[in-house]
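**Student:** Below is one structure. I have some questions about it.
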Amino acid sequence: MEAALEEAKKAKKKGEVPIGAVIVKDGKMIAKGHNQREKKQNALLHAEIVAINKACKKLHSWRLDDAEIYVTLEPCPMCAGAIANARLSKMIYGAKDKTSQDELCGKILSSIRLNHKCEMVQAEEFENECSQILTDFFKAKRSQN
């Protein structure tokens with residue numbers, strides 16, 4: 001999660017929403033990513049999607065079986081779908097998404113429509129740090145406007 005937080009800090013420096021993601025397989029980090037939507041003007045470039053894309057390229061496979069993704073914020077529905085479809089075995093997140101009260105991410109990852117299930121775990125020891133970087137970012141944005 002510390003590496004995912006470093007990715008979030010990179011995003012913040014670039015004016016992106018500070019979310020970072022890291023993918024680990026067999027105990028080794030194989031990919032990392034942070035939000036790039038503003039820089040590249042692409043709605044799809046969330047941290048998780050960037051990291052999944054890099055991991056797929058590195059492994060020459062769309063199947064990321066037995067790999068885990070660490071992300072600083074509970075994934076949105078698009079990213080939860082990508083995590084499930086990439087067949088990641090586990091998703092560990094830091095902060096809960098304050099805008100999501102319906103546990104949609106968990107519902108997507110455990111949907112009976114999928115033949116693959118991804119375990120979802122909150123790294124509660126990182127919740128404050130992962131949440132604070134987002135709070136600080138949006139507070140600074142509001143004060144600029």
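**Student:** Considering only segment 122-145, state which residues are among the polar types (S, T, N, Q) and modelled with pLDDT of 95 or more.
**Tutor:** GLN122, ASN128, SER131, GLN132, THR135
**Student:** Cβ-Cβ under 6 Å, sequence separation 6+ or interchain: first residue in segment 12-31 and touching a residue at least 60 places away in the same chain (Cβ under 8 Å), partner open to solvent by less than 30 Å² (accessible area, probe 1.4 Å) and in a loop (DSSP other than H, G, I, E, B). Which pairs?
**Tutor:** Close Cβ pairs (under 6 Å, with a partner that is open to solvent by less than 30 Å² (accessible area, probe 1.4 Å) and in a loop (DSSP other than H, G, I, E, B)) amount to LYS12/PRO18; VAL17/ASN35; ILE19/ASN35.
**Student:** Working only within segment 119-128, note down all residues that are open to solvent by less than 50 Å² (accessible area, probe 1.4 Å) and aliphatic (A, V, I, L, M).
**Tutor:** Hits for segment 119-128 are VAL121, ALA123.
**Student:** Which of the residues belonging to segment 98-133 are under 21 Å from GLU68 (Cα atoms) and among the hydrophobic types (A, V, I, L, M, F, W, C)?
**Tutor:** Answer for segment 98-133, where residues must be under 21 Å from GLU68 (Cα atoms) and among the hydrophobic types (A, V, I, L, M, F, W, C): LEU104, CYS105, ILE108, LEU109, ILE112, LEU114, CYS118, MET120, VAL121, ALA123, PHE126, CYS130.
**Student:** Here's another thing I want to ask about it. Among the helices (runs of 4 or more DSSP H) lying completely within segment 1-118, list those that include at least 2 residues that are of a type in the set (Phe, Trp, Tyr), open to solvent by less than 90 Å² (accessible area, probe 1.4 Å) and in contact with a helix residue (DSSP H, G or I) (Cβ under 8 Å, 6 or more places away or on another chain).
**Tutor:** Passing ranges: none, list empty.
The values are calculated or read from the model by the stated rules, or taken from the named source; none is laboratory data. Treat the numbers as computed from the prediction; the structure is a model and nothing was measured. FYI the Cβ positions are ideal-geometry reconstructions off the backbone, even for glycines, and counts take in every protein chain you see. Just so you know, the surface numbers come from the protein's heavy atoms only, side chains and all, with ligands and any DNA or RNA stripped out. Shrake-Rupley method; radii C 1.70, N 1.55, O 1.52, S 1.80 Å.
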